[in-house]
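Encoded as structure tokens, the structure appears first; notes follow it.
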Amino acid sequence: MSATIALHAGSLEHAETASTREPAWVRVVLISIALTFFAVFLLLPLGTVFAEGLRKGWAAYVAALVNDDAWDAIKLTLITAAIAVPLNLVFGVAAAWSIAKFEFPGKRLLITFIDLPFSVSPVISGLIYVLLFGAQGWFGPWLQEHDIRIIFAVPGIVLATIFVTFPFVARELIPLMEAQGSEEEEAAVVLGASGWQVFWYTTLPNIKWGLLYGVILCNARAMGEFGAVSVVSGHIRGQTNTMPLYVEILYNEYNYAAAFAVASLLALLAIVTLALKTLVERQTRRQLQEIIEPSGE
Amino acid sequence: MTSVKRYSPLPGFRLAMGYTLVYLTLIVLIPLAAVGTKTLTMGWEAFWAAVSSPRVVASYQLSFGASLLAAAINVVFGLIFAWVLVRYRFPGKGLIDSLVDLPFALPTAVAGIALATIYSENGPVGKLLEPWGIEIAYTPNGVLLALVFIGLPFVVRTVQPVLGDLEKEVEEAAAGLGASRWQTFLRIILPHIAPALLTGFAMAFARAVGEYGSVIFIAGNVPMVSEITPLLIITKLEQYDYAGATAVASVMLVFSFVLLLIINGLQGWMQNRHAKGA
């Protein structure tokens with residue numbers, strides 16, 4: 001899903017000639033399979049969320065969103081993303097700077113470590129913080145003595161969210177910055193720019209689309225994470241309920257219309273995320289093409 | 001650190017690298033190490049009892065079996081999607097290309113309740129399948145369906161660029177030498193995209209094994225029948241069986257790490273082939 005992949009996917013449309021073309025019926029069958037699969041597996045779930053949310057009418061839809069429990073869930077989701085995304089953004093830039101601009105032993109291993117949270121089940125991502133900060137955990141007794149709550153409280157939710165969204169920005173920036181090389185930065189240093197000046201005026205303009213791409217994906221996951229947050233939250237209404245957890249509670253109470261109403265906000269977030277992602281991909285593709293073919297255009 | 005790095009005139013290596021390592025250690029490595037130490041303090045017999053009880057084994061069979069099958073289904077449909085998106089023009093193509101990533105972007109709980117509603121007895125698709133005796137929601141079929149949903153983008157997005165890179169001249173040459181279109185696909189195109197297909201398969205499989213949110217609403221979660229391993233970990237936690245939960249989690253973690261190494265190896269292989277071909 002890196003920017004490099006996006007470049008290839010878009011730029012090479014195959015020109016068709018008779019010898020490298022499938023018979024018409026094959027094309028029709030393949031396109032039909034793809035369209036059917038798309039309609040049943042992707043469009044139908046998305047449509048269902050909105051249809052079920054509005055099933056009891058507009059007034060019930062609004063009522064499901066405008067109440068204290070829903071508002072607390074929305075606030076907690078926003079707060080969590082507002083903490084997790086900037087932290088992982090700073091980390092992503094630092095990691096990409098050291099990995100893409102410098103040579104050192106163990107680089108591949110470091111990249112593998114950065115990718116680790118993606119390969120861990122969300123449930124385990126929550127469990128690890130219970131093992132550290134829960135009542136029976138490493139720091140449990142100390143935290144209890146000092147009356148600090150992390151598990152079944154907001155800090156646990158934030159920590160679990162940071163963990164699951166940890167690699168997003170870094171893994172977008174590393175291939176992008178590696179592809180760009182460091183000639184421009186080196187030139188800036190030779191011309192007397194300080195470290196921060198190099199970053200702000202040379203690197204940042206070059207990576208801004210990749211950075212935005214990573215932030216968009218990071219934010220979508222931070223706001224939508226369910227499994228990891230579920231383990232550490234304790235499901236206390238009004239206190240430790242994020243939007244996805246609130247959807248689960250409503251659904252399990254058979255309050256389907258309200259569950260889907262809250263879910264529709266998250267589905268909107270997903271649609272906005274995909275739209276922004278498509279836009280940013282176009283920008284990165286253009287930018288990468290300029291790097292690869294500086295003479296063209 | 002600076003003594004081993006190759007000379008670079010750029011500043012900020014110590015700061016960026018130091019921050020990276022500290023943050024990585026605090027957020028990822030120490031918490032993951034907690035699983036290891038907790039497991040090690042259990043003792044072998046308690047560990048073995050926790051990870052090999054019939055209910056846990058039944059959950060492995062479901063989680064790994066359904067994930068393998070889902071990843072295999074994703075390879076077939078993912079290849080068709082990638083093929084159609086790279087090679088054909090048809091109305092709605094741009095929309096499909098953008099929405100293929102929906103399973104990445106849609107929060108898993110939202111996908112879960114939507115799929116459960118669609119495939120339950122009274123849902124739009126469940127209603128159609130019921131007369132045929134096909135039950136999806138609240139059975140292992142539901143688990144499979146949810147895992148197919150979340151795994152699709154992995155195969156499409158790994159195969160799409162590789163398929164786009166395949167040079168037309170090679171196919172023309174094959175056709176010129178008398179190969180049928182099907183022969184060209186089997187002998188020329190398929191070997192070219194095989195590493196990408198395999199990588200997509202492994203990524204979809206890895207994601208499916210750990211998946212929780214989109215599965216639990218549609219699965220029914222009957223012990224021994226439709227209970228996935230991640231849910232079992234949560235069940236154990238809710239019963240304050242921290243050691244048991246950690247033991248099962250450690251089995252899954254070891255499996256995930258092995259799979260991650262395999263995926264990294266596959267991607268290295270893909271890049272090498274790519275470099276040679278270019």
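Points worth noting:
- Some residue of the stretch B:167-190 being under 26 Å from residue B:256 (Cβ atoms) and either open to solvent by less than 10 Å² (accessible area, probe 1.4 Å) or free of Cβ contacts under 8 Å to residues at least 60 places away in the same chain (or both): no
- Candidates A:84, A:51, filtered to the one that is under 15 Å from residue A:264 (Cα atoms) and part of a helix (DSSP H, G or I): A:51
- Screening A:162, A:99, A:114, A:148 for residues that are in the same structural domain as residue A:232 (by the TED database), in a helix (DSSP H, G or I) and more than 16 Å from residue B:26 (Cα to Cα) leaves exactly one candidate, A:99.
- Only listed residue being at pLDDT below 90, within 13 Å of another protein chain (Cβ to nearest Cβ) and crowded, with 16+ Cβ neighbours inside 10 Å, chosen from A:134, A:181, A:227: A:134
- Scanning the stretch A:61-87 for residues that are open to solvent by 40 Å² or more (accessible area, probe 1.4 Å) and not charged (D, E, K, R) gives A:62, A:63, A:66, A:67, A:71, A:78, A:79, A:82, A:83, A:86, A:87.
- Checking each residue in the stretch A:243-252 for being surrounded by 17 or more Cβ atoms within 10 Å (Cβ to Cβ) and facing chain B (nearest Cβ under 10 Å) picks out A:243, A:244, A:245, A:246, A:247, A:248, A:250, A:251.
- Only listed residue being part of a helix (DSSP H, G or I), at pLDDT 90 or above and in contact with a Lys or Arg (Cβ under 6 Å, 6 or more places away or on another chain), chosen from A:261, A:222, A:257, A:270: A:257
- Of all residues in the stretch A:137-154, those being within 11 Å of chain B (Cβ to nearest Cβ) and touching a residue at least 12 places away in the same chain (Cβ under 8 Å) number 2.
- Exclusive hit being at pLDDT 90 or above, crowded, with 17+ Cβ neighbours inside 10 Å, within 10 Å of another protein chain (Cβ to nearest Cβ) and part of a helix (DSSP H, G or I), set A:128, A:207, A:174, A:157: A:128
- Some residue of the stretch A:273-288 being outside any helix (DSSP H, G or I), among the polar types (S, T, N, Q) and more than 9 Å from chain B (Cβ to nearest Cβ): no
- Scanning the stretch A:188-198 for residues that are more than 28 Å from the chain's Cα centre (by Cα) and open to solvent by 50 Å² or more (accessible area, probe 1.4 Å) gives A:190, A:191, A:192, A:194, A:197.
- Residue A:168 touching a helix residue (DSSP H, G or I) at 6+ places or on another chain (Cβ under 9 Å) and at positive phi: no
- Qualifying residue in the stretch A:67-84 (condition: within 7 Å of chain B (Cβ to nearest Cβ) and closer than 29 Å to residue B:118 by Cβ): no
- Within the stretch B:49-71, considering residues that are away from every other protein chain (no Cβ under 14 Å) and under 28 Å from residue A:171 (Cβ atoms), the one surrounded by the fewest Cβ atoms within 10 Å (Cβ to Cβ): B:68
- Selection status of residue B:150, touching a residue at least 12 places away in the same chain (Cβ under 8 Å) and within 11 Å of chain A (Cβ to nearest Cβ): yes
- Flag for residue A:116 being open to solvent by less than 10 Å² (accessible area, probe 1.4 Å), under 20 Å from residue B:250 (Cβ atoms) and among the hydrophobic types (A, V, I, L, M, F, W, C): no
- Sole residue being out of contact with any Phe, Trp or Tyr (no Cβ under 7 Å at 6 or more places or on another chain), of a type in the set (S, T, N, Q) and surrounded by 20 or more Cβ atoms within 10 Å (Cβ to Cβ), chosen from B:235, B:199: B:199
- Residue, surrounded by the fewest Cβ atoms within 10 Å (Cβ to Cβ), within the stretch A:23-50, restricted to residues that are over 20 Å from residue B:79 (Cβ atoms) and touching a helix residue (DSSP H, G or I) at 6+ places or on another chain (Cβ under 8 Å): A:43
- Filter result (farther than 30 Å from residue A:193 by Cβ, facing chain A (nearest Cβ under 9 Å) and either outside any helix (DSSP H, G or I) or open to solvent by 20 Å² or more (accessible area, probe 1.4 Å) (or both)) within the stretch B:7-31: B:29, B:30
Every residue, every condition in (1) at pLDDT 90 or above; (2) over 19 Å from residue B:104 (Cα atoms); (3) within 11 Å of chain A (Cβ to nearest Cβ); (4) not in a helix (DSSP H, G or I), yes or no:
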site: B:178; (1), (2), (3), (4): no, yes, yes, yes
site: B:187; (1), (2), (3), (4): no, yes, no, no
site: B:194; (1), (2), (3), (4): yes, yes, no, no
site: B:202; (1), (2), (3), (4): yes, no, yes, no
site: B:214; (1), (2), (3), (4): yes, no, yes, no
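- Residue B:46 vs. criteria touching a residue at least 12 places away in the same chain (Cβ under 8 Å) and either open to solvent by 40 Å² or more (accessible area, probe 1.4 Å) or in a loop (DSSP other than H, G, I, E, B) (or both): yes
The values are calculated or read from the model by the stated rules, or taken from the named source; none is laboratory data. Everything numeric here is computed off the predicted structure, so don't read it as measured data. Cβ coordinates were reconstructed from backbone atoms using ideal geometry, including for glycine residues, and neighbour counts include every protein chain displayed. Each accessible area value is taken on the protein alone, full model and side chains, heavy atoms only, with ligands, DNA and RNA left out. Shrake-Rupley method; radii C 1.70, N 1.55, O 1.52, S 1.80 Å.
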